[in-house]
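The values are calculated or read from the model by the stated rules, or taken from the named source; none is laboratory data. Note that the structure is a prediction, hence the values are computed from the model and not measured. Neighbour counts are summed over all protein chains in view; Cβ atoms, including those assigned to glycine, are modelled from backbone coordinates with ideal geometry.
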Amino acid sequence: MLLSQSFIPILKNNPSEAKIKSHQLMLRVGMIKQASAGIYSWLPLGFKVMKKIEEIVRQEQNKIGAQEILMPTIQSSEIWKESGRYEDYGEEMLRIKDRQNREMLYGPTNEEQVTEIFRSSLKSYKSLPQLLYHIQWKFRDEIRPRFGIMRGREFYMKDAYSFDVSDEEALYSYNKFFLSYLRTFKRLSLTAIPMAADTGPIGGNLSHEFIILADTGESKIFTDKRIFDLNSNDTELEKNSLQQMRKKYEQYYSVTDEKFNKEEFEKVVSEENRLITKGIEVGHIFYFGDKYSKAMGASVDLPGGKKDFVKMGSYGIGVSRLVGAIIEAKYDNKNEIMKWPLSVAPYDIALVPMINKNDTSALDKAINIFKELTINNIESIIDDTEENFSSKIKKMNLIGAPYQIIIGKKSDGDLLEFKEIGKETQNLSLTKIIETIKKQKNSN
Ligand code: ATP
Ligand code: MG
């Protein structure tokens, strides 16, 4: 891709309306464009990153046996009246009337819709467990939308739902999602800590929020630092190993403020291990048993001939919020350098030829390198503008491809001036560069 041909409207300075670095960067490099309060268009650069995040989320859902569906954004109020949440949800729900005067709504979440699908399709314990998910836009009329897409009104979410025959089986499903979340965030190169959380309007009795540390986060957290040293993402999908894995996390005190109890915190966590800080909620999982299945009559036949309501859980990941969360975690806004994790980078590598008016040889060379990289499934962007070198580098540092090749005096013959952002420049052959990037890609 040539920079001159791409739709990447870069601003010279940080826009003043943005208060946190993710919002600043996203507006600065034209990843998003506000349409109205809390509602955004996604421009090519932002959309590419979000789609890559979505694909990782999807792969990790599939790995635990969850099946992808797609439910609509617009739902009927009927099912929400059955569950009792039509009134309870309050002003955050965007209510709409169709031309027949029927009450509809823009879905803020999908427990009702998925329960309705389940109850009209499956009737026997033999079909269980079922893990279903979709990745779809949600709307919540947040009272204070802010920080760009971090707290939007319209946002993109992966939400999954589990259906099981008993509490024990349902906890097994819960633990599968717990593991898949650890794996997902690791592939996004984020350290997300599971914290015991309140169940809020979703209801129920077991819940974890997955939180990444950030000063600009809106969740206050209280934790035992040692939880950061855990690494369980390679646990097997077997019942006992999953239970052990969750226990390993739960042995350390780690909660959000709704669950915080000072006395307990100080009793179980020694002073040097206490950490009180802020974070961003990127995922949230709930177990709520038969809360919806009972209200909506979703039951299955049991082996002995009796019937029982299915036991359900729900599992969300903020796909659009993750774009901002990764920036919060990775952007050095003092030096204005973004380095996207290779797994979600909009481009793997930036090619920066030093172009003179009368000499296009550096650009020609860049185009040849581009072709060779493309054959090897490495996505690159060429800055083909005639700006000076330092402003070119400045731009590429904001776009945030993790690698750069400078094509100028020093990239002579076969050796190219190659740089991984934040590391020393090296002189490497193109073959070696391709090998380095491929190796890095495969490790993810
Ligand atoms: P929050 O506490 O941040 O308001 P929530 O607890 O209401 O979030 P859930 O219902 O648990 O959100 O939704 C699942 C995930 O969707 C959250 O973990 C978060 O990553 C994301 N999310 C929720 N609300 C928003 C929003 N307004 N904008 C962007 N992402 C959101
Ligand atoms: Mg939540």
Residue list for the range 154-209, filter: more than 25 Å from PRO129 (Cβ to Cβ), modelled with pLDDT of 95 or more and surrounded by fewer than 20 Cβ atoms within 10 Å (Cβ to Cβ): SER189
Matching entry among LEU363, LEU398, LEU373 (being in a helix (DSSP H, G or I), closer than 13 Å to ILE337 by Cβ and aliphatic (A, V, I, L, M)): LEU398
Output for the range 214-228, where each listed residue is under 16 Å from GLU266 (Cβ atoms) and within 16 Å of ligand 2 (Cβ to nearest atom): ILE221
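Let's see how each residue does on (1) farther than 30 Å from TYR347 by Cβ; (2) surrounded by 19 or more Cβ atoms within 10 Å (Cβ to Cβ):
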site	(1), (2)
ILE39	no, no
LEU45	no, yes
GLU60	no, yes
GLU78	yes, no
TYR89	yes, no
ASN101	yes, no
SER121	yes, no
LEU131	yes, yes
Single unsatisfied condition, ALA18 versus (1) outside any helix (DSSP H, G or I); (2) over 19 Å from PHE147 (Cβ atoms); (3) touching a Leu at 6+ places or on another chain (Cβ under 7 Å): (2)
Some residue of the range 113-129 being outside any loop (DSSP other than H, G, I, E, B) and without any contact (Cβ under 8 Å) to a residue 40 or more places away in the chain: yes
Yes/no for ARG146 being of a type outside the set (Asp, Glu), within 16 Å of ligand 2 (Cβ to nearest atom) and farther than 23 Å from PHE177 by Cα: no
Test: residue in the range 369-380 that is within 27 Å of ILE149 (Cα to Cα), surrounded by fewer than 22 Cβ atoms within 10 Å (Cβ to Cβ), within 25 Å of the chain's Cα centre (by Cα) and away from ligand 1 (no atom under 16 Å from the Cβ): yes
Subset of the range 380-402 [within 26 Å of SER189 (Cα to Cα) and without any contact (Cβ under 8 Å) to a residue 60 or more places away in the chain]: ILE393, LYS394, MET396
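Suppose we filter ILE96, ILE79 for residues that are in the same structural domain as TYR181 (by TED's automatic domain parsing), away from ligand 1 (no atom under 16 Å from the Cβ), β-branched (Val, Ile, Thr) and not in a helix (DSSP H, G or I); which single one remains?
That would be ILE96, the only listed residue that is in the same structural domain as TYR181 (by TED's automatic domain parsing), away from ligand 1 (no atom under 16 Å from the Cβ), β-branched (Val, Ile, Thr) and not in a helix (DSSP H, G or I).
For (1) within 15 Å of ligand 1 (Cβ to nearest atom); (2) under 21 Å from ASP229 (Cβ atoms); (3) crowded, with 19+ Cβ neighbours inside 10 Å, each residue gets a yes or a no:
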position: GLN244; (1), (2), (3): no, yes, no
position: GLN251; (1), (2), (3): no, yes, no
position: GLY279; (1), (2), (3): yes, yes, yes
position: VAL282; (1), (2), (3): yes, yes, yes
position: ILE285; (1), (2), (3): yes, no, yes
position: GLY289; (1), (2), (3): no, no, yes
position: LYS294; (1), (2), (3): no, no, no
position: ALA298; (1), (2), (3): no, no, yes
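Select, from GLU264, GLU272, the only residue that is surrounded by fewer than 18 Cβ atoms within 10 Å (Cβ to Cβ), assigned by TED's automatic domain parsing to the domain that holds GLU154 and at pLDDT 95 or above.
The unique qualifying residue is GLU272.
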Unique residue being charged (D, E, K, R), more than 26 Å from ILE227 (Cα to Cα) and more than 15 Å from ligand 1 (Cβ to nearest atom) when the list is GLU169, GLU142: GLU169
